[in-house]
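All of the numbers you see were taken from the coordinates with simple rules; none came from a lab. Model, not experiment: these values are computed from the prediction. For neighbour counting, all protein chains shown are included, and Cβ atoms are generated from backbone atoms with ideal geometry for every residue, glycine included.
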Amino acid sequence: MHYVSTRGKQQPVTISRAMRQGLAGDGGLFIPKIFPSFNLEDFSQNLSYPQFCEKLLAPFFVGDALAKKLNKICEQAFDFPVPLKSLDDHTYLLELFHGPTLSFKDFGARFLANCFSQLSDAQMTIMVATSGDTGSAVASAFYKKPQVKVIVLFPKDKISKRQQKQITCWGDNVHAYAVEGTFDDCQKIIKSAKNISTANSINIGRLLPQMGYYAFTSLKHFKDKGVEPNFVVPSGNMGNVTAACYAKKCGFPIGRIVIATNVNRVVPDFLEKGIFQAQKTIPTIANAMDVGNPSNFERLQSLFPVFSDFQRALSAFMVSDDEIKETIADLFNRTGEIVCPHTATACYVRNHCLTDDNDWIIAATADPCKFESVIEPIIKKELPVAPALKKMLDADEYYDVVTLDAFKSS
Ligand SMILES: *Cc1c(COP(=O)(O)O)cnc(C)c1O
């Protein structure tokens, strides 16, 4: 399997090279040259989640040194549950937050870290920009991995205290920086850094493993219920929704794929007007989705180069902070279920924009206990802290504050 650039000016490479390089040589993003199509009969009901992912990802690793290691990589990366919870007869929550740092970012970060540790032939530095949850997932996944130095950039004072603690509690090979700027500034720094790999979702090695839960859940749902489920994905940088589109492209029984955003509405606007216009980031209470220039849009566009195809494949809805709060309160009062502000955007979209009797699966992207300062005043109740988080909150913090100028000179 070869990987090429969204901008078409990079020699095809295999997966480990694409992962190590991060960004393609022409400034574009790596994408698979072709998508395999699977015989769904090959995925028997009793495969474990890691075994399923190994089978799914195998064609993407053909011809690469990592192909033989895929079993071990999947077993080590996906060592936590992926439960599907029913909210009502036709609405489900796919809980993607049972990894060590309590967000779906653990899937990609742990997969990438395990790939890199199998490629341990050289010292490398990995940089990551985070609007909250990527930094902690990457730091946790790479912590104390020999040969790898990790640099995490997060926008100062724009992430929650608990998110910050999860990024700064590591030390050792993890170097955290609070940047005086926005997430988009942090992302720009990474894109201009030379000879450094990135663990952001611009890295194809983070994106491919995220196909796993869409493929796994859709197939199980289809076998159990006889219908294709539809998905609503809370989105910012558009990595998670790209992975959903990739799973569908490979032939998995996925119906509609719908994007929920906060008021950073670049993609809903694009789908309405046909013009992509990057915007300044607007801070919201779903802060991991505060992205004004989503990187993975380029991958979506190369998947659907014709606008009408793009519109047929994806819909997008924008959700305000007030609507997020209202949704958290309403869901809690009606069902007792507590969702994080990101997941709430998708719940809002399901309840107000997609009011049909089809089966919808909402990607629940983070554990609500990471966002207690938003949620507790709404539900007027204390959120229990997950044990994994408690340990990080109690640890010391290691980080430096830097200005944007500090990066311009280096
Ligand atoms: C990163 C993140 C998102 C957005 O995912 P993208 O792949 O950037 O679209 C949504 N919810 C949570 C909790 C996140 O951490």
- Put +1 on the Cβ of every Lys and Arg and -1 on every Asp and Glu Cβ in the range 166-235; which of C186, Q166, I196 then has its Cα farthest towards the positive end of the dipole? I196
- Given H placed on each backbone N at 1.01 Å, which residues far from K149 in sequence or on other chains put an amide H within less than 5 Å of it? M124, T125, I126
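Compute the signed sum of charges (Lys and Arg +1, Asp and Glu -1) over the other residues within less than 12 Å, Cβ to Cβ, of T182. If you can, show how the numbers build up before the last one.
On the way: positive: K156, K158, K188, K280; negative: D157, E180, D184, D185, D290.
Residues near T182 contribute -1 overall.
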- Query: How large is ³J(HN,Hα), in whole Hz, for each residue of the range 360-365 in order, when computed from phi with the Karplus curve 6.51 cos²θ - 1.76 cosθ + 1.60 and θ = phi - 60°, using x for Gly and Pro?
  - Reply: 10, 10, 9, 6, 8, 8
- Task: Just grab the label-to-label distance for N333 and D356, each label 7 Å out from Cα along the Cβ direction, in nm (one decimal).
- Result: 2.9
- Task: Identify the residues of the range 236-253 with backbone N under 18 Å of a label point that sits 7 angstrom from the Cα of N39 along the Cα-to-Cβ direction, or state none.
- Result: 250-253
- Task: Using only Cα atoms, locate the centre of the range 165-211 and the centre of the range 12-60, then give the distance between them in Å, rounded to an integer.
- Result: 22
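Taking every pair of Cα atoms in the chain, average 1/r, invert it to obtain the Kirkwood radius, and report Rg/Rh to two decimals.
0.93
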- Query: What residues have an amide H closer than 5 Å to that of V402, excluding those fewer than 5 places away on the same chain, when H is modeled at 1.01 Å from N in the peptide plane?
  - Reply: A178, V179, E180
- Query: What ³J(HN,Hα) values, in whole Hz, does the Karplus curve 6.51 cos²θ - 1.76 cosθ + 1.60 give for the range 239-249 when θ = phi - 60°, with x put for Gly and Pro?
  - Reply: x, 4, 6, 4, 4, 4, 5, 5, 4, 5, 4
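Find out how many positive minus negative residues lie around V4, taking Lys and Arg as positive, Asp and Glu as negative, among other residues whose Cβ is under 14 Å from that of V4. Walk me through the numbers on the way to the answer.
On the way: positive: R7, K9, R17, K33, R299; negative: D26, E298.
Neighbour charge sum, excluding V4 itself: +3.
With a sphere of radius 11 Å drawn around the Cβ of T261, what net charge do the other residues whose Cβ falls strictly inside it have (Lys, Arg +1; Asp, Glu -1)?
Working: positive: R265; negative: D269, D290.
Computed value for this residue: -1.
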- Query: Of all DSSP beta bridges in the chain, what percent run antiparallel (nearest 5)?
  - Reply: 25
